[in-house]
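Inspection log for the structure reproduced underneath, given as C-alpha cells.
The values are calculated or read from the model by the stated rules, or taken from the named source; none is laboratory data. From a predicted model like this one, the values you see are computed outputs, not experimental measurements. Don't worry about glycine lacking a Cβ; one is built from the backbone with ideal geometry, like all the others, and counts go over all protein chains shown.
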Amino acid sequence: MNRRLFLSSLVLAPSLAAAGGSFFIKNAKILTVTKGRVDGALLIRDGKIAAIGANLTAPADALTLDAEGGYLMPGIVDCHAHVGADAINEGTISVSSMVRIEDVLAPDDVQIYRGLAAGVTTSNVLHGSANTIGGQCSVVKMRWGKSATQMVFAGAKPGIKFALGENVKRSGGGTNFSGTLRYPATRMGVEDVVREAFNDARAYQRQRDEYQTRLAKGERVLPPRRDFKLEPLVEVLEGRRLVHAHCYRSDEILMLLRAAEEFGFRIRTLQHGLEAYKVAKEIAKHGAGVSTFADSWSYKIEAYDAIPYNAALCMKAGVLTSLNTDAPVTQQRHLLQDAAKTLRYGQLTDDEALSLITINPARQLMIEDRVGSLEVGKDADIVFTDKHPLSLYAKVRKVFIDGEVYFDREQDIRQRAERAERRKALIEKLKPAARPSQKKGAR
Amino acid sequence: MQKLLVSTVLLAAAGLAQSPVAGVLAIRGAHLHPASGPSLPNGNIVLRNGLIESIGPNVPIPPEAFVVDGAGLQVYPGLIDALSTWGLPAAPARPTAAPAPGPSPATPAVLERPIQTLDEGGPEERPSNNSWVRAADLLDPRLATLAAARNAGYTTAISFPGANVFSGQGSAYNVAGTRSRQMVIEEGVGQMITFPVRGFGGGFPGSLMGIISYIRQIFSDAAHYRSSQALYAKDPRGLPRPPYDRALDGVIASPRLLLPAGRLAEIDRMIRFGQELQQPLVLYGGAESFRGAALLAAAKVPMLVNLRWPEAERDADPFVKDSLRVLETRDLAPTGPAVLAKAGVKFAFYSGGVERPADLRKAVKKAVDAGLSKEDALKALTLYPAQIFGLDNRLGSLEPGKIANLTVIEGDLFDDRAKLKFTIIDGVKYEPAPETAPETNR
C-alpha cells in the first residue's frame, strides 16, 4: 500500500509508462550495432522490438515519440560491475563458491539509477576479487524501482567469479587486514587453490554418482550431505556455469587457462586481463573472452604493462572482447567514452567500438539472443541520445528496458528542485530537539 | 494480609530467595482493557493463585480477596517485550568502536558473545552457532534490568541469548521472581538469526551473503541429519553412525525462525529466504515497515518492530549527506505500525536499542501519534506478541484462565506522563521501586 509512496520516488514518466506496451519512435538514427545504421523508426511492442525500418508507419495504438534526429542504440551491457548488492566480498576464505550475489541484491542502491542514466541496461553483478574462487554472480537488468527478484535477468546462464594475482594473495593476510593469515600468499598458491577446489569438486561428483548407483541397486545407503560450496564447482565442470576470472598478468592468465583445460572446462571471460594482448592468441585458442578497461593502467604493480590498445589487439586476434567498469571502481557513466577511446587507440570502427559495450558483453554472458543489438524480436532495451553516442557531447535522453521507460532526462531535471526542497524540509523536521531522556550513558 | 504482601514484594525486589505468594487479589471498579475484546469502563477482575479467575462488569469479589480500589485506574494485560535481553547477564565488554556501518536499523541490542567453532570439518562448518543455547538457562533473576522492566510496566520478556548467526533459542519469561525456573513461561520460542558482518578478519562467514549461504547450508545439513538419523534408527546394522551434532539439534528444535529486516529490500529478501528454508518466519527490525507492509501481508509474516526509531547516528560524519530515502525512512518509520495494522499484518513492539525501559512508552506514543490506534498499540504490546510466539493460550489478554499478568496505570497507557501504579506478575503485585544502580545489557 505504501508502495505508492515508494513508487513516487521513482523517475518514471507516467505518460510514457502507461502506453500499454507500444511505442513508436520516429525520426531516429538507429545504430543496430549488428546490422548497420537505419534512419527511420523503431516500434516497441510488448517489451520487444517489433519493427525497425526507414518507412514504417505508426500503428494507431502506439504512443509516438519524436526522436528529433537523435540516436537509438542498444542498451549497454556491463560485463563486470559491483552495483546493486548489499555485499560484494566473502573474503574470509579462499573458496567462497557457496555465496550468491543474488541473495543480497539491493534494488534501492542508487548506483543502479546512475548506471541507468548512462545507458546501462544490463549488468553482470560480480562477487569481489578478494579470493581465488569467489561467489556466484548475478546478471541483472537495471530495473530501478523494481524488487530484487524483478531485477534478475531471467534465463541468463549462471556464473561464478574467480580471481588471481595481487588482490587474492594480499587479502585476508597480515599486510592489509588484521586477523589470521589466509592461504595463499603467492601466485603459486593461487593455482594450488584452484586445483584443490576442483579435485574436491570431482570427489563430490563421484560421491554423488556412487550414491545414485548404490541406491539404484537397492542398497540401504545414507544420502551424501549436500555441499553448497562444491555444487557450483561441479556445475563449472559440467559446463553449466560460466567462469568470469579477474586477472591481470599474462603468466597468470596462461596458468588459469591450462588449469581449466586440465579439468576439462573453459574460462568464459578473463576480467580486466590487462596483459591479455600479450597472450591473445592463446586466449583465442582456449575460447575465452576478455573484458577489460579502456585505459586504466599503472594504478597497481600488476597493471604496469597495461596499454590502451588492449581491447583492439584482443579483438583483432579473434578474442571476444568487451569493456567493463568494475563499478564503482570506474563509473558506468564513462562506458560510452571508454568505447569511444578505442577509435583513437586501435582505430576501431564505430560499430566495433559500440560492440565492446553491447553485443560482445552480451555474447560473453550468453544473453545475445535477448539483448546487445537492435534487432526485431530482441528485448526493447534501448538508449536514446541526442547526438551520436560516441560523441563526448552526447546526452542520454531516455532509457528503455523491456519497452518501459526507466530513465527520462527531462523528468529527472524537473524533479531535482522538488527533491532538494523535500530534503531540506526533512532535515529541518528531523533536527533533534533537546530531549534529555534520550541522552545515553557512556558506551 | 496487605502488610504480608508488601513485605513479600520488598523481599522479592531485594532479591532474597523467598517466593512471593500469589493469593487472591481483586481490582474493583477499574477501567479494564482486556485486549481480546472491548474495554470495560467499570469492571472487576479477580486473580487467584497466579491466574485470572474472572473478569466482568459485575463479577463477585470473593470475601478472602485482597481488594484494590480501581477508581481512576486503567488495567491492561501485562506488557510484553517481544525481543528482549532483560534478565540476561551483561555482555562481556565490547570494543568501544562505533557500530559497523551498513543496513542495520534492524540490529537489536543483543549480547555479543565470542564466535565459537564447533567442528573441524572446515571453516564454513559450524561457526557462530549457539543454536542449542536457551535464554531460559541464562536468566538471572537478580539483574536490575528486570526491576527496570517492571518499573516501565512490563511483565514479560521474550529474550534471545546472543549475537551469533544462530543466536540460540528465545525463551518467554516473567520479569519477576526469585527462581528463574519459576519465571519461565516457555523455554523455546524460536531461533534468532543475526548478521554479525565482520569483514575479512575473524573467519567465515564475514559478509551478509556469506552468512546467508551459511544458514542455507545449516538448514540443509539439519534436514540431512534428520533423515540420516531416521534411517539409522530403523536399523543401524550396516550403516555408519550419524555423528551427534548439538548445533543441528538446536536448529531442529526451534519452532520458528527470527530474521532481521529493516529496509524494504531486506523485508523482501528475508521473506523469500524464510520461504526457501520452509521455516515459520518472524521478521524483526521493521524500520521500513511502512514500505513493506504489503509484502508482509501477502506472505502472512509477522513483524517485530524496534521501538528505537531510526535516527541520525550521533557523531555522524558531517560531510556525509543522508539520501532522501534515508531521511524519509527516519521521518516515516513511526508510521509503520499504523500501516501494518491497516494491511492486516501481525506485529509487536520490542525494546531493541531503547536503553531505558522508561523511554519505551514514549517510543510507543510516537507510533500512536503517527496514526496507530490505541487498541492496536495495546495489542502490539500484549496479545500480538503472545500470538506470534504461540503463547496466547496463556498470555496477552485479560481472560479467565490466563496468567495473572497485569499492568495498571493511573491514566492512559499511551499518555507517557501517566504514572504506572503497579504491575501484577503471576498474581503478585509489584509497586514501581526506585531503580538500583543502572545496569544494562550493552
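For the range B:211-225, the set of residues classified as over 27 Å from the mean Cα position of the chain (by Cα) and either more than 10 Å from chain A (Cβ to nearest Cβ) or of a type in the set (S, T, Y) (or both) consists of B:S220, B:Y225, listed by residue number. Listed by first and then second residue, the pairs linking a residue in the range B:338-362 that is within 10 Å of chain A (Cβ to nearest Cβ) to a residue that is part of a loop (DSSP other than H, G, I, E, B) and basic (K, R), with Cβ atoms under 8 Å apart and 6 or more places separating them unless they lie on different chains, are B:G353/B:R308; B:V354/B:R308; B:E355/A:K440; B:E355/B:R442. Going through (1) away from chain B (no Cβ under 11 Å); (2) in contact with a helix residue (DSSP H, G or I) (Cβ under 9 Å, 6 or more places away or on another chain); (3) assigned to a loop (DSSP other than H, G, I, E, B) one by one, A:F162 falls short only on (3). The one condition from (1) touching a strand residue (DSSP E or B) at 6+ places or on another chain (Cβ under 6 Å); (2) closer than 24 Å to A:E166 by Cα; (3) part of a helix (DSSP H, G or I) that A:L254 does not meet is (1).
Note on the range B:378-399: residues that are surrounded by fewer than 24 Cβ atoms within 10 Å (Cβ to Cβ) and farther than 15 Å from B:V75 by Cα total 6. Within the range B:226-258, being facing chain A (nearest Cβ under 9 Å) and hydroxyl-bearing (S, T, Y) holds for B:S227, B:S228, B:Y232. In the range A:82-134, which residues are facing chain B (nearest Cβ under 10 Å) and of a type in the set (K, R)? Within the range A:82-134, just A:R100 meets the criteria.
If you go through the range A:169-202 and pick out every residue that is within 23 Å of A:I301 (Cβ to Cβ), within 12 Å of another protein chain (Cβ to nearest Cβ) and at pLDDT 75 or above, you end up with 3.
Exactly one residue among B:F204, B:F200 is in a loop (DSSP other than H, G, I, E, B), within 14 Å of chain A (Cβ to nearest Cβ) and touching an Asp or Glu at 6+ places or on another chain (Cβ under 6 Å), and that residue is B:F204.
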